[in-house]
Structure formats: structure tokens, C-alpha cells
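The values are calculated or read from the model by the stated rules, or taken from the named source; none is laboratory data. Just so you know, these numbers come straight off a predicted model, no measurement behind them. Cβ coordinates were reconstructed from backbone atoms using ideal geometry, including for glycine residues, and neighbour counts include every protein chain displayed. SASA here: full protein model, heavy atoms, side chains in, ligands and nucleic acids out. Shrake-Rupley method; radii C 1.70, N 1.55, O 1.52, S 1.80 Å.
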Amino acid sequence: MKRALAALLSLATGFPVPAFACDLALVLAVDISGSVDANEYRVQMDGLAEGLRDGVVSEAMVRGQARVVLLQWSGSTRQEVSIPWVEITGFAAVEALATRIEQVERPWRNYSTAIGEALDLGLTQFETVPDCKRRVIDLSGDGTSNEGRLPSEIHPALQGANVTVNALAIEESDADLTSYYFEHVIQGEGAFVATATTFADYPSRIRMKLLREVARQTAALDQ
């Protein structure tokens, strides 16, 4: 309906009217499997909140009228939408979202790693935000998938829905995780993997990753 209205307005006024009110729909998918201890969980949530508060990130989200949802994922039957879609209408909305992420409860602690199911749950979220121009799943994790559907099995559906999957590999216990994410997890044109050598690196790396996704910065993540 919005696209049709935009077309009619464009014809009536002679000026182009954007068909998309929302530039970016962003799914934040955070690994809370058994390999993530309580302190590492806290590092992820606090780091993610601070990344969203970054001035460039928050301004880009506000300008683009972004929509953001938070998923927490673990084993194949342990996937949760912890914060439903939030519409970023202003800087107060960014701050409110960041605060909610800092305060969100961890639903599980001792389960496996099912990346395929995390991607599948992320994919279904876009059904309720059809007016967003870009669709991105930002998945972070510290291990390979060891339960449920293979991540690559979800790729055809992701491609069909024009969803890009980027990843942050936390290599605290798996030095080859970045390569695994490159080969099996990311999907879509321009998809990339960022690397955090340890959980201590997570806050700075997720900030750089968000800058690249939200503000479309193309500079190398290691700079």
C-alpha cells in the first residue's frame, strides 16, 4: 500500500517519492550457548548496547528510520525473540533500546549451538517489516554449529527474501571460526565476517561492525 501511494504521489507532484519509509531492518542475533559464561554474556550485551549508542551508528539509524530486533539463540529448541521490533524514530528510541539490551534476561545457559535455527528465526522476523529497504541479520557467536539444521540449508530462503547475513566470529576457543563463518554462515552481496580474538575484543568489534552495516562504512574493520 505504501509503495502504491508513493507512486501515485510521484505522478501527481512530478517529484520522486521514496518507496521505503525504513532504510534498514536489522536482526541482532546473539549467541548464548553453553560455551558463553555469565561474564562473557554481560560483555556481549553491554558491548552491543554501547555500539548502538555510538554517535555515527545512532544518527544513521535515526536518519534511516531503522527497525531493530534482538534474538538470543542457543540449541535447536532454544531460540528467542527477546526484544521485538523497535522503530528508531529518534535518539531517545536508540537509548531506550540500548538500555533494554543491557537489562534483558538470559533465558538459557547450558545448551548447544544451532546457527541454522538462529538464521531461520531471524528470517521469519522480516515478514512483519515489509517496508524496509535493506534486510540484515547480524549474527555473533563463539563456535561452529553443532546441532539442528546446517546454516547453509537456510541460505536459499535468505537469498529469496533478499536478506544479507553478516557475522562476528569470537575466536576465544576456536581460531578457525572466522573461516567457518565465511564458508557456512554469511550470505548475500557484500556480506562480511568481523573477528574478535577474545570476548574482551567484542565491544570494539561489534561497534565497527555496526558502523559498516548501519552507516554503510566500507573502510577495513581492522583500521
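Assorted remarks:
Residue-by-condition table, conditions (1) without any contact (Cβ under 8 Å) to a residue 12 or more places away in the chain; (2) part of a loop (DSSP other than H, G, I, E, B); (3) open to solvent by less than 10 Å² (accessible area, probe 1.4 Å):
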| residue | (1), (2), (3) |
| --- | --- |
| Glu117 | no, no, no |
| Leu121 | no, no, no |
| Thr124 | yes, no, no |
| Ile137 | no, no, yes |
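- Condition check for Asp37: surrounded by 21 or more Cβ atoms within 10 Å (Cβ to Cβ) and not hydroxyl-bearing (Ser, Thr, Tyr): no
- Search result, residues across region 43-53 that are under 18 Å from Thr89 (Cβ atoms) and of a type outside the set (Lys, Arg): Leu52
- Selection status of Phe91, over 26 Å from Asn39 (Cα atoms) and open to solvent by less than 50 Å² (accessible area, probe 1.4 Å): no
- Being of a type outside the set (D, E, K, R), more than 22 Å from Tyr181 (Cβ to Cβ), part of a loop (DSSP other than H, G, I, E, B) and touching a strand residue (DSSP E or B) at 6+ places or on another chain (Cβ under 6 Å) is not true of Pro130.
- Restricted to region 150-169, and to residues there that are among the aliphatic types (A, V, I, L, M) and within 15 Å of the chain's Cα centre (by Cα), the residue that is nearest to Gly47 (Cα to Cα) is Leu168.
- Residue in region 152-159 that is open to solvent by 40 Å² or more (accessible area, probe 1.4 Å), of a type in the set (D, E, K, R) and over 26 Å from Lys133 (Cβ atoms) present: yes
- The condition (being in a helix (DSSP H, G or I) and touching a residue at least 60 places away in the same chain (Cβ under 8 Å)) is satisfied by just one residue among Tyr202, Tyr181: Tyr202.
- Residue within region 64-81 that is polar (S, T, N, Q) and open to solvent by 50 Å² or more (accessible area, probe 1.4 Å) present: yes
- Residue in region 164-181 that is open to solvent by 50 Å² or more (accessible area, probe 1.4 Å), within 23 Å of Leu48 (Cβ to Cβ) and out of contact with any Gly (no Cβ under 9 Å at 6 or more places or on another chain) present: yes
- Scanning region 81-104 for residues that are touching a residue at least 40 places away in the same chain (Cβ under 8 Å) and farther than 17 Å from Val214 by Cα yields Val81, Thr99, Ile101, Glu102, Val104.
- Phe199 being within 16 Å of the chain's Cα centre (by Cα) and aromatic (Phe, Trp, Tyr): no
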